[in-house]
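Okay, so here's the structure we're looking at.
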Amino acid sequence: MKLLRKNWLLPILATGLLLGGVVATLSVPNRPFRGEVFVEIAKGASSMAIARQLEEAGVIRSRWQLLAARALRPAARFQAGEYKFPKEPSVWDVVDILGKGQVFLVEFRIPEGYNLYDIATAAAQAGFARRDEFLRAAQNPALIRDLAPTAPTLEGFLFPSTYHVPRKITAEGLCRLMTGQFRREWKAAGGTGNVLQVLALASLIEKETGAPEERAIVSAVYHNRLQKGMKLEADPTTIYAAMLLGNWRGTIYKSDLEREHPYNTYRVTGLPPGPIANPGRAAIEAALRPASSEYLFFVARPDGSRRHIFSKSYSDHARAVTQWRRSSKGG
């Protein structure tokens, strides 16, 4: 009887020792694994499939280690995405990374005032999409049709911010992310009225001044000119018109100012058909809530401060322009 009991206990003891040995390895760094490795986990992948994938990538020594750890932490839920595993991770490190969904993300920063051509270049430099791929996606306004049925592109709706995105995000994914952020910012800013017109004005404000305290005043100038039926005569719209035609030469020429184009506010009265850049929250708020002012003109100060001289009359404005021209010529 005692012999039978011993024979029965031996397999249990052996199994226990084996499991104990496997568990003991879960906290041991994977020493042969010397570098950082990227592994993309597919949505809906089973624990076995993930374990096999990590073993083949060299992240863990054996798939059975991950399965053992998974059994000891049944509440852990491995999430899909691309992961970067550090040098010499233990199996518990791997389980923590997968269970917390610490997907590897890349910082992607879009400054205020970037237009869709600037963003396309930035996306290409970051390796997300070719420039032409992003432009093709950004020129499709389907993502914001409910907000602005007549918007020609996503210009103005690609909200400038610092994003953290997967390395393999597509051009369409970037556009969806940025337009989604715009929706949140528009709501937070108390956006009302015709969103396309507000953004067209906000984009001018964004491009015309780098001084935060001037935004509401610049907005007032444009509101006053619109109310009086005056042309806005905004240089950034002339530049944008040239960019749309593919012949921007880096400097505004007389021919640019005289060009008949819907976006050239030296030739057309009123706002351009859409935004010329992607404004930030402050510029949007300034467009929605201009300062109380009778100013109709502004020109850059001659001191290089990026601030402006504002005028109510054309004669005062002409004197300010003369000062600016003398300064720019070094006289």
Among (1) without any contact (Cβ under 8 Å) to a residue 60 or more places away in the chain; (2) crowded, with 19+ Cβ neighbours inside 10 Å, which single condition is Ala124 missing? (2)
In region 205-255, how many are of a type in the set (Ser, Thr, Tyr) and assigned to a loop (DSSP other than H, G, I, E, B)? 3
Tell me whether region 94-109 contains one or more residues that are in a loop (DSSP other than H, G, I, E, B), in contact (Cβ under 8 Å) with a residue 12 or more places away in the chain, more than 27 Å from the chain's Cα centre (by Cα) and over 19 Å from Val165 (Cα atoms). no
Within region 110-120, is even one residue closer than 30 Å to Lys207 by Cβ and either assigned by TED's automatic domain parsing to the domain that holds Thr209 or touching a Lys or Arg at 6+ places or on another chain (Cβ under 6 Å) (or both)? yes
Given the condition closer than 24 Å to Tyr263 by Cβ and free of Cβ contacts under 8 Å to residues at least 40 places away in the same chain, answer yes or no: does some residue in region 151-160 qualify? yes
Per-region count, region 235-269, residues under 20 Å from Val299 (Cα atoms), aliphatic (A, V, I, L, M) and within 28 Å of the chain's Cα centre (by Cα): 1
Return only the number of the condition from (1) of a type in the set (D, E, K, R); (2) surrounded by 15 or more Cβ atoms within 10 Å (Cβ to Cβ); (3) over 13 Å from the mean Cα position of the chain (by Cα) that Lys87 does not satisfy. (2)
Among the numbered conditions (1) modelled with pLDDT of 80 or more; (2) assigned to a loop (DSSP other than H, G, I, E, B); (3) not hydrophobic (A, V, I, L, M, F, W, C), tell me where Arg52 comes up short. (2)
Subset of region 243-257 (residues that are of a type outside the set (Ser, Thr, Tyr) and either surrounded by 11 or more Cβ atoms within 10 Å (Cβ to Cβ) or in contact with a helix residue (DSSP H, G or I) (Cβ under 7 Å, 6 or more places away or on another chain) (or both)): Met243, Leu244, Leu245, Asn247, Trp248, Ile252, Asp256, Leu257
Being farther than 23 Å from Asn194 by Cβ, in the same structural domain as Arg215 (by TED's automatic domain parsing) and at pLDDT 95 or above narrows Tyr314, Tyr295, Tyr263, Tyr253 down to just Tyr295
Subset of region 256-294, residues in a helix (DSSP H, G or I) and either over 28 Å from Glu185 (Cα atoms) or free of Cβ contacts under 8 Å to residues at least 12 places away in the same chain (or both), comes to Asp256, Leu257
Candidate set: region 181-230, residues that are of a type in the set (Lys, Arg) and exposed (fewer than 15 other Cβ atoms within 10 Å of the Cβ); chosen: the one nearest to the chain's Cα centre (by Cα): Arg184
Looking for something at pLDDT below 80, assigned to a loop (DSSP other than H, G, I, E, B) and over 28 Å from Lys168 (Cβ atoms) - is there at least one such residue anywhere in region 75-85? yes
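The values are calculated or read from the model by the stated rules, or taken from the named source; none is laboratory data. Nothing here was measured: the structure is a model prediction, and the numbers come from that model. All Cβ positions, glycine included, derive from the backbone under ideal geometry; neighbour counts span all protein chains shown.
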